[in-house]
1. What's the number of the condition Val66 fails, among (1) of a type in the set (A, V, I, L, M); (2) under 22 Å from Pro371 (Cβ atoms); (3) modelled with pLDDT of 80 or more?
2. I'd like to verify a number: residues in the range 119-128 that are more than 16 Å from Thr185 (Cα to Cα) and either at pLDDT 85 or above or loosely packed, with under 13 Cβ neighbours inside 10 Å (or both), how many?
3. What about Ile355, is it modelled with pLDDT of 85 or more and in contact with an Asp or Glu (Cβ under 8 Å, 6 or more places away or on another chain)?
4. Here are Ile140, Ile110: which of them is at pLDDT 80 or above, open to solvent by less than 40 Å² (accessible area, probe 1.4 Å) and part of a loop (DSSP other than H, G, I, E, B)?
5. I'm trying to understand the selection: among the residues of the range 484-499, which are part of a strand (DSSP E or B) and open to solvent by less than 40 Å² (accessible area, probe 1.4 Å)?
6. Go through the residues of the range 208-216 one by one and say whether even a single one is of a type outside the set (A, V, I, L, M, F, W, C) and closer than 26 Å to Val191 by Cα.
7. Kindly indicate whether Gly385 is closer than 18 Å to Ala288 by Cα and either touching a residue at least 24 places away in the same chain (Cβ under 8 Å) or assigned to a loop (DSSP other than H, G, I, E, B) (or both).
8. What number of residues within the range 63-85 satisfy the criterion of being farther than 21 Å from Gly176 by Cβ and free of Cβ contacts under 8 Å to residues at least 40 places away in the same chain?
Amino acid sequence: AACLSIWGADSSCFDFTCDTIVVGDPAPCHAAFTYFHFLTDPMTIHFTNASVGGNGINLWNFGDGVTSTEENPIHTYQQIGQYSVGLSIGDSASGCFDYTYAMIQVGDSISEPCHAAFNVYADSNALYSYHFIDQSTGNITNWSWNFGDGITSNLQNPSHVYAEPGIYAACLSIWGADSSCFDFTCNTIVVGDTAPCHAAFAYSIDPPPGNRTVVFTDLSPGNPTTWLWNFGDGTSDTVQNPVHTYAAAGTYNVCLQIEENNCTSTFCLDVVLYDSSYFHVIYGQVFAGNFPVSAGQAVIFSFDSTGNSQSFVGASPLDLNGVYYFTMVPDGNYYILAVPFDSMSYLPTYYGNVINWEQATVISLGAENNPYNINLVLSGEMTPGPGSASGQINMEGLKETIIDKVNMILMDAQGNAIGFTRVSTTGAFTFPTMAYGTYLLHPEMPGVTSDQVMITLTPENPHVEVVMTYNGNSILGLNTGLSIVDSWQVYPNPVVDQLNLSIDVNKSVKAEIGLYNFNGQPVSASSVVLQGGNNKIPVSTASFPVGLYTLRIYSSEGVNIVTKVVKTR
């Protein structure tokens, strides 16, 4: 299927189409079709059957629940959007069957642009409490707030209490129901009285993307007497509220320094300018063995080396042909995860055909490389029985849109995945029928390290309850006491020359320590004996290039620590 995507310089229009190209003669019949829009009615599509080798048995599926057996049908859609159109052909003489599909855009998917904006008001009745008032414009259905202290919200007008005084960058992302518009903005929030003077500012870009002129607004409280702006591109200004035009798209670290009554304060914030290729269409097909998965969903997660891996999350149901697609995906790095709904024989699988995000293939945008097809990993054999396990993941602080994207992987005592269940929106999970034995439970969520909780089911103890807690960048587990790791810490992070691992274990074990680069390739490996009690282990990073790495400490007795490490100069 050869596909063409087109868009305007200012992202005001977007469309794409696909045609089937038959190369060689691999089968007696080949399904293929073309299509075009009626200029006077963009909701009506004329389909032309270009198949070869069939004897006139055709079945069209227009992707909106309507089918047809006509040779060259004309179909009118009722709603603007993208549809997966499939054509099946048969040849009774040769016994050949073939199928093809194409993603088509119907109507104009780009709605009126939206613009993110908000005001903040302090609550005079509660210390460090603030009310955030959305003032965005456009056809908006989704709001995502990041208050700058690791706490998020999806309410339109949330209230938030900061734990301590300080200067925070609060950000709001908005988008429409069909992802046809997207925008975000950040404001500086000064909480409490942390210093005699405080530098603070906000910025706005109207309209993004494609515009490179930024309006900066000084928000420093008090009465500053001087302002010094560093725009991050080698230029500066001394006016209070400058307007600056950048030469190119990119990320610029902008700093404002103020002076007031012999007090000097500096505040910095990253300003992101997107070019006209800011949004992308991502699609692919999910297979279980040789067959498309007809029930399930694909989820796309952004990859952020700073530790906040859920800044963009989108979900797409799989159609009857296992096809998913995401529209309006911003530039960045992403994981794609496919989750089957109709089979316990296959596991949730990332693009790259692995079940753990640390080994998954990261998609970099920029440029698309569609399709991103995924072949689900076959699970091991799970024996049913009279035992059971259930539990709860405490999700406080986790974005509401991602709670039900966590999957609980069930493994045997050797670490082989034998099944999974989806975690509910309340954080609950259950495995109702399990044979007696020892198992490992692993919550899988991109960008988040998770404990592997060991449980043992016996006739005397046929049911186990497990409690886990999400703490911002990891999921920590509590079980029946069989875990041998009491606590652990990796520092400093970011690191320059030497990383230190501090780990407390309750018995002596031999463990493997591995460090992996951004592409999942090992760059360092060693074995170590962990003595009961506290262990401090140095890991040299002096010879490694600057970048993001994954550190893993593992033993078959129950140690499984995975964490991200940032190497700097």
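1. (2)
2. Taking the range 119-128 and keeping what is more than 16 Å from Thr185 (Cα to Cα), we get 121-128.
Those left that are additionally either at pLDDT 85 or above or loosely packed, with under 13 Cβ neighbours inside 10 Å (or both): 121, 124-127.
Of the residues in the range 119-128, 5 are more than 16 Å from Thr185 (Cα to Cα) and either at pLDDT 85 or above or loosely packed, with under 13 Cβ neighbours inside 10 Å (or both).
3. Values: modelled with pLDDT of 85 or more: yes; in contact with an Asp or Glu (Cβ under 8 Å, 6 or more places away or on another chain): yes.
It is true that Ile355 is modelled with pLDDT of 85 or more and in contact with an Asp or Glu (Cβ under 8 Å, 6 or more places away or on another chain).
4. Values: Ile110 fails: at pLDDT 80 or above.
Being at pLDDT 80 or above, open to solvent by less than 40 Å² (accessible area, probe 1.4 Å) and part of a loop (DSSP other than H, G, I, E, B) holds for just one of Ile140, Ile110, which is Ile140.
5. Let us first name the residues in the range 484-499 that are part of a strand (DSSP E or B), namely 485-491, 495, 498-499.
Answer for the range 484-499, where residues must be part of a strand (DSSP E or B) and open to solvent by less than 40 Å² (accessible area, probe 1.4 Å): Val485, Val490, Val495, Leu499.
6. Initially, the range 208-216 is screened for residues of a type outside the set (A, V, I, L, M, F, W, C), giving 208-213.
So of that shortlist, the ones also closer than 26 Å to Val191 by Cα come out as none.
Taking every residue of the range 208-216 in turn, none turns out to be of a type outside the set (A, V, I, L, M, F, W, C) and closer than 26 Å to Val191 by Cα.
7. Values: closer than 18 Å to Ala288 by Cα: no; either touching a residue at least 24 places away in the same chain (Cβ under 8 Å) or assigned to a loop (DSSP other than H, G, I, E, B) (or both): yes.
For Gly385, the condition - closer than 18 Å to Ala288 by Cα and either touching a residue at least 24 places away in the same chain (Cβ under 8 Å) or assigned to a loop (DSSP other than H, G, I, E, B) (or both) - is not met.
8. 12
The values are calculated or read from the model by the stated rules, or taken from the named source; none is laboratory data. These numbers were taken from a predicted model, which means no experiment stands behind them. Ideal geometry is used to build each Cβ from the backbone, glycine not excepted, and the neighbour counts take in all protein chains shown. To get the accessible areas, we keep the full protein, side chains included, count just its heavy atoms, and leave off ligands, DNA and RNA. Shrake-Rupley method; radii C 1.70, N 1.55, O 1.52, S 1.80 Å.
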